[in-house]
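A.B. asks: Attaching a single structure in structure tokens format; questions to follow.
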Amino acid sequence: MSNLKSLIVISSPSGGGKSTLAKHLMGLYPKIKFSVSATTRRKRENEVEGKDYFFLDKDDFINKIQSNELVEYEEIFGNYYGTLKEEVDSKLKNGNTILFDVDVKGALSLKKEYPDDTFLIFITPPSMEILEERLRKRSTESENEIKNRLLRASEEYKYKDYFDCTIVNDDLQTAFNEIEEIAKKFLNL
């Protein structure tokens with residue numbers, strides 16, 4: 001029996017670089033399919049429905065929670081985020097490797113739901129100061145939202161030891177190389 005995993009979960013504090021690393025892996029390995037999360041937050045400029053997120057209103061999201069249609073979900077800063085079971089199941093049936101870009105609690109929920117198929121990677125910036133700098137540079141959050149994200153990041157760091165590995169995203173090329181090696185070793189590609 002193979003120890004290769006079909007679900008790869010990348011988590012980090014907001015601004016840690018998980019989306020950049022996820023896109024890099026998908027560009028290298030066509031078998032990797034992205035699990036698009038559902039959210040109730042407003043759509044940002046350049047985001048595409050069904051590609052970046054499934055944008056739902058709060059009532060629809062709550063109905064999906066009550067109908068047990070989500071593998072995992074969480075409320076973050078007044079918005080819900082979650083993974084639709086049908087998204088995961090349809091991609092697994094097709095023999096794909098599925099990549100998740102979720103928060104740490106979502107990652108741990110996926111590992112609990114699919115313990116033998118899941119590999120967790122925690123991405124961390126080299127310091128909280130650099131994380132704050134990255135959040136400010138992207139100019140998508142208010143000052144209050146940045147402060148909340150930094151507080152949340154402190155909490156998320158407490159979970160990194162539950163992950164299968166950690167990548168420090170200091171130099172992007174080095175982080176790319178590390179995640180490529182992990183994929184070759186642990187994923188069903």
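A.B. asks: Can you go through T20, T83 and tell me which one is buried (at least 19 other Cβ atoms within 10 Å of the Cβ) and within 24 Å of E145 (Cβ to Cβ)?
C.D. replies: Checking each option against the conditions leaves just T83.
A.B. asks: Which of the residues that make up region 173-188 are exposed (fewer than 15 other Cβ atoms within 10 Å of the Cβ) and in contact with a strand residue (DSSP E or B) (Cβ under 9 Å, 6 or more places away or on another chain)?
C.D. replies: Hit for region 173-188 is T174, nothing else.
A.B. asks: Residues that are at pLDDT 90 or above and under 18 Å from the mean Cα position of the chain (by Cα): find the helices (runs of 4 or more DSSP H) completely inside region 85-189 holding 3 or more of those.
C.D. replies: Passing ranges, in order: 85-93, 104-113, 143-156, 172-186.
A.B. asks: Just to check your reading of the model, which residue among I76, I65 is more than 13 Å from the chain's Cα centre (by Cα), modelled with pLDDT under 90 and either of a type outside the set (S, T, N, Q) or surrounded by 10 or more Cβ atoms within 10 Å (Cβ to Cβ) (or both)?
C.D. replies: Every option except I76 fails the conditions.
A.B. asks: Checking the conditions here, which among D89, D170 is surrounded by fewer than 20 Cβ atoms within 10 Å (Cβ to Cβ), of a type outside the set (F, W, Y) and under 24 Å from H24 (Cβ atoms)?
C.D. replies: D170
A.B. asks: Same structure again: In region 21-58, which residues are touching a helix residue (DSSP H, G or I) at 6+ places or on another chain (Cβ under 7 Å), within 29 Å of E133 (Cβ to Cβ) and not in a loop (DSSP other than H, G, I, E, B)?
C.D. replies: Answer for region 21-58, where residues must be touching a helix residue (DSSP H, G or I) at 6+ places or on another chain (Cβ under 7 Å), within 29 Å of E133 (Cβ to Cβ) and not in a loop (DSSP other than H, G, I, E, B): L21, H24, L25, L28, F34.
A.B. asks: Would you say D52 is among the charged types (D, E, K, R) and more than 17 Å from the chain's Cα centre (by Cα)?
C.D. replies: The answer is no for D52.
A.B. asks: Going through region 142-156 one residue at a time, which ones are among the charged types (D, E, K, R) and either in contact (Cβ under 8 Å) with a residue 40 or more places away in the chain or surrounded by 13 or more Cβ atoms within 10 Å (Cβ to Cβ) (or both)? Walk me through how you get there before you give the answer.
C.D. replies: Quick first cut of region 142-156, residues among the charged types (D, E, K, R) only: 143, 145, 147, 149, 152, 155-156.
Answer for region 142-156, where residues must be among the charged types (D, E, K, R) and either in contact (Cβ under 8 Å) with a residue 40 or more places away in the chain or surrounded by 13 or more Cβ atoms within 10 Å (Cβ to Cβ) (or both): E145, K147, R149, R152, E156.
A.B. asks: Considering only residues of region 10-35 that are in contact with a strand residue (DSSP E or B) (Cβ under 6 Å, 6 or more places away or on another chain) and of a type in the set (V, I, T), which is farthest from K105 (Cα to Cα)?
C.D. replies: Per the stated criteria, the residue is I32.
The values are calculated or read from the model by the stated rules, or taken from the named source; none is laboratory data. Computed from a prediction, not measured in an experiment: that's the story for all the values here. In this analysis, Cβ positions are derived from the backbone assuming ideal geometry, glycine residues included, and neighbour counts consider all displayed protein chains.
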